[in-house]
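These notes concern the structure reproduced below.
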2 protein chains.
Amino acid sequence: MKDILEQLKNKGYKLTQPREKVLGILLHNHTALSVQDIHKKIDSVDKASVYRVLNLFEELGLVNIENFNNEKLYCLTRDPHHHIICKKCGYSEEVPCTYEHHDFNNFDNVQHQMTLTGVCNNCNK
Amino acid sequence: MKDILEQLKNKGYKLTQPREKVLGILLHNHTALSVQDIHKKIDSVDKASVYRVLNLFEELGLVNIENFNNEKLYCLTRDPHHHIICKKCGYSEEVPCTYEHHDFNNFDNVQHQMTLTGVCNNCNK
DNA sequence: TTTACTATTGCAAATCATTCGCAATTGTGA
DNA sequence: TCACAATTGCGAATGATTTGCAATAGTAAA
């Protein structure tokens, strides 16, 4: 927590309540969360601000993004990992990232975004 | 083309103009296309129908989906592949899929969806 | 062929995620 | 404590996607 807040400060960003609160939630969750998920946990912060904070975190490379059901899911960039999400109930687990980047002739600064989906055992019964 | 149309017919789906036209466009394109891209190429088909056709194709596993800039991009599931897209100009190239699925204890029917992003040489100058 | 039935479509309205403009607020450094 | 710029909250705007429903068009059977 302190680490990341320091980083922000050093880059000239203010340490505001919305930023600290969103960061707090991301820190305490190991599932990927949507803006709506995060906003529900802190209604003291406006949803537009949640968006702005997350967009900032994205620019700074603090979060990874996955896509599920037409919405973005965010989680902190710790060890590189993805999530596998049940299509039916939304249950999810972390999956370590094993993807190795190749070199691309025509591209620099390559990043990847991956989401695994499946049907969990519960839903499969 | 005929192949896929046969498949649809055999599963009890009607061979309608919207389905054939959308399929036609997907067949003739090797980039991932958004609903809007596809709709522009066939204004004779309503956009809502393009959505419905693509959702059907998705259910049937005929298309792969990638996410870019808050919209879904569709392309036919031929050889497994992804795309790398320039964040700045949208230029994209195909990338063969090298991702190997692991076994998951708690999930079946696992699929993955990956999008690579980067900055292309042109935009990098 | 023609008929009849149902799936599918087009259209317009609704929904939902995300962004934006702007005035009010709040960190921060002096 | 003050002053200024960055950031927020709010509400409105945007854009993608979905939905309800009456009209239309495949399809299978007569």
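Quick notes on this one:
- 1.4 Å probe accessible area per residue over the protein assembly as shown, in Å²: 58 Å²
- For the stretch A:2-76: relative contact order, % (alpha-carbon pairs under 8 angstrom, 6 or more apart): 30 percent
- The base-10 log of I(q)/I(0) for the stretch A:2-76, evaluated at q = 0.14, 0.20 Å⁻¹, reads -0.39, -0.81 [Debye formula, identical scatterers on Cα atoms, solvent excluded].
- Part-to-part distance (alpha-carbon centres) for the stretch A:13-61 and the stretch B:7-76, which is given in Å: 35 Å
- Distance distribution note for the stretch B:81-124: the fraction of Cα pairs above 13 angstrom is 60%.
- Using a 1.4 angstrom probe on protein heavy atoms only, the contact between A and B buries about 2900 square angstrom of accessible area, both sides summed.
- Inter-chain neighbour count for A:101-107: the average number of beta-carbon atoms from partner chains within 10 Å of each residue's beta-carbon is 6.
- log10 of Debye I(q)/I(0), alpha-carbon scatterers only, for the stretch A:7-125 at 0.10 Å⁻¹: -0.36
- Where N is the number of residues in the protein assembly as shown, Cα Rg divided by 2.2 N^0.38 Å: 1.11
- For chain A, the relative contact order is 20 percent, taking Cα pairs closer than 8 Å that sit 6 or more residues apart in sequence and dividing their mean separation by the residue count.
- Carbon + sulfur, % of accessible area of the stretch A:2-76 - ligands and nucleic acids excluded, 1.4 Å: 46 percent
- Furthest towards positive pole of dipole, A:44, A:32, A:54, structure part chain A, Cβ charges: A:44
- Under 18 Å from the Cα of residue B:9 - lysines, other chains or at least 8 residues apart: B:21
The values are calculated or read from the model by the stated rules, or taken from the named source; none is laboratory data. What you are looking at is a predicted structure, and each value in this text was computed from that prediction instead of being measured. Counting neighbours? That spans all protein chains shown, and the Cβs are built from the backbone with ideal geometry, glycine included. All accessible areas refer to the heavy atoms of the entire protein, side chains included, with ligands and DNA or RNA removed. Shrake-Rupley method; radii C 1.70, N 1.55, O 1.52, S 1.80 Å.
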